[in-house]
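The values are calculated or read from the model by the stated rules, or taken from the named source; none is laboratory data. Please read these numbers as outputs of a predicted model, since none were measured by experiment. Here the Cβ positions follow ideal geometry from the backbone for every residue, glycine too, while neighbour counts run over all protein chains shown. Please note that ligands, DNA and RNA were not included when accessible areas were found on the heavy atoms of the full protein model with its side chains. Shrake-Rupley method; radii C 1.70, N 1.55, O 1.52, S 1.80 Å.
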Amino acid sequence: MATNVYMEALSPTMEEGRVAKWHKREGDVVKAGDTLAEVETDKAVMDLVARADGVLRQVAVAEGQTVPVGSVVAVIAAPGEALGAGQASAPRPAAAPSGSGKRETGNVSVATAPAPVTVTPLPSAPPTDPTRVKASPLARRIAKEAGVDLKLVTGSGPGGRVVKKDLERAPTTAPAAPFPVSRVPFPDRPGTPYEDIPLNQIRKTIAKRLATSLGPIPHFFLTSEVDMERAAEAREALNQQIGEQAAGKVSFNDIVIKATGLALARHRACNAWFQEDHIRYWNEVHIGMAVAVEDGLITPVIRNADVKSLAEIGREAKALADKARSRRLQPSEYTGSTFSVSNLGMFDIDQFTAVINPPEAGIIAVGSIVQKAVVLDGQVTARRRMRLTMSCDHRVIDGATGAAFLRTLKQMLENPLAMLL
């Protein structure tokens, strides 16, 4: 009996998937559990695995193609089994996440189709320019600015795509001569007025989620400036105690996550989800940590952040950030956060407002730590200061509620010993 291979819902919010690379080819013998292909979802690159033993047949989706969840992408048949060719198989309905929470993960069932199975292959991708190199928009911009010929760079991204890290070890070349036109263009201007780059899966998801956040959610913002002098001294002392192991160092972001977790444990009204007809107040604190990846943003989750030590948070945050940048996060690692933290301080950003990640009710935007002249005990002195801006969903959090939470967070950061109480 033949089995359809479907484009599965590999993440809770996935609506379509892009086949980045086939690991098995038509005619290959496969076993249940074998990785058939790498699929770029809205969050990460995931493995599409075989659900039956047999021979891979009728591969209908080429590398680089994007198809909706539930589409038939191939068939696994018994050796020598005859497959029909006249009638297309109906797509399998996509599995819906369980529960009412938009970010709760549901179980994806795998259906099998009775023999005989017939598949009409999807139209093949249009022929591409053989001279055009697959590369991310960021890689193209860096290559243009550095004078690197992308044709000479070996890509390590999905489907051989050239990404930023590939250019870090690439040799530079002289810029190409200006193209012949009646006027002289800028030396680094390409021969066309613009370049259209198709949206990848993560950028499509960001666009959809922002449209369902900043517009429908009534945001309001609260900003407070925090004295980070004691926190900085505590961090320096901790890292001296840890030693020279860079992997174990405690960062300011780790301290903010820990303090945010403890503050949320005291202000349950901010540790909540808006759920259309009710508000879900969480008894556990799971902090979403915004991480910039090459083509967008993703928020891996530090679970139970209020009860973990700074060292545990530091190790977990680094491991999750590394997996996020390599697009290897599993759905369980980036879903289920009850509140989020976004830190742009390392980019010398003094203050900004972050967009709430629904169904959460709040997010903290962290600015850079800078020395400022402040009055302390009647004397002007230099102190390390940091601005925090809280974005609140007014359907869940009122002004006084958010202000009380932010005051507690400020007190935690200004008196690190309070985190031990």
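Quick notes on this one:
- In the stretch 319-352, of all residues being of a type in the set (Asp, Glu) and over 27 Å from ALA9 (Cα atoms), the one that is most open to solvent (accessible area, probe 1.4 Å) corresponds to ASP348.
- Selection status of PRO190, loosely packed, with under 14 Cβ neighbours inside 10 Å, modelled with pLDDT of 70 or more and in a loop (DSSP other than H, G, I, E, B): no
- Looking across the stretch 228-243, the residues that are more than 19 Å from LYS372 (Cα to Cα) and either buried (at least 17 other Cβ atoms within 10 Å of the Cβ) or free of Cβ contacts under 8 Å to residues at least 24 places away in the same chain (or both) come down to ALA234, ARG235, GLU236, ALA237, LEU238, ASN239, GLN240, GLN241, GLY243.
- Residue check, ASN200 closer than 22 Å to ASP306 by Cα and not aliphatic (A, V, I, L, M): no
Yes/no matrix, rows are residues, columns are (1) farther than 20 Å from ALA418 by Cα; (2) modelled with pLDDT of 95 or more; (3) among the hydroxyl-bearing types (Ser, Thr, Tyr):
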| position | (1), (2), (3) |
| --- | --- |
| PRO216 | yes, no, no |
| PHE221 | yes, yes, no |
| GLN245 | yes, no, no |
| LYS249 | yes, no, no |
| TYR281 | yes, yes, yes |
| VAL285 | no, yes, no |
| ASP295 | yes, no, no |
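- Scanning the stretch 1-53 for residues that are aromatic (Phe, Trp, Tyr) and at pLDDT below 90 yields no hits at all.
- Some residue of the stretch 20-39 being open to solvent by less than 40 Å² (accessible area, probe 1.4 Å) and touching a Ser or Thr at 6+ places or on another chain (Cβ under 9 Å): no
- Residue within the stretch 255-264 that is surrounded by fewer than 17 Cβ atoms within 10 Å (Cβ to Cβ) and either free of Cβ contacts under 8 Å to residues at least 40 places away in the same chain or under 27 Å from the mean Cα position of the chain (by Cα) (or both) present: no
- Selection of the stretch 270-312 for residues being under 22 Å from the mean Cα position of the chain (by Cα) and open to solvent by 50 Å² or more (accessible area, probe 1.4 Å) yields ALA292, GLU294, LEU297, ARG303, ASN304, GLU312.
- Residue within the stretch 372-393 that is touching a residue at least 60 places away in the same chain (Cβ under 8 Å) and small (Gly, Ala, Ser) present: yes
- Residue satisfying condition, being surrounded by 13 or more Cβ atoms within 10 Å (Cβ to Cβ) and under 24 Å from the mean Cα position of the chain (by Cα), within set ILE364, ILE369, ILE397: ILE364
- Residues of the stretch 204-227 classified as assigned to a helix (DSSP H, G or I) and surrounded by fewer than 16 Cβ atoms within 10 Å (Cβ to Cβ), total: 4
- Residues (closer than 20 Å to ALA305 by Cβ and among the basic types (Lys, Arg)) located in the stretch 364-421: ARG407, LYS410
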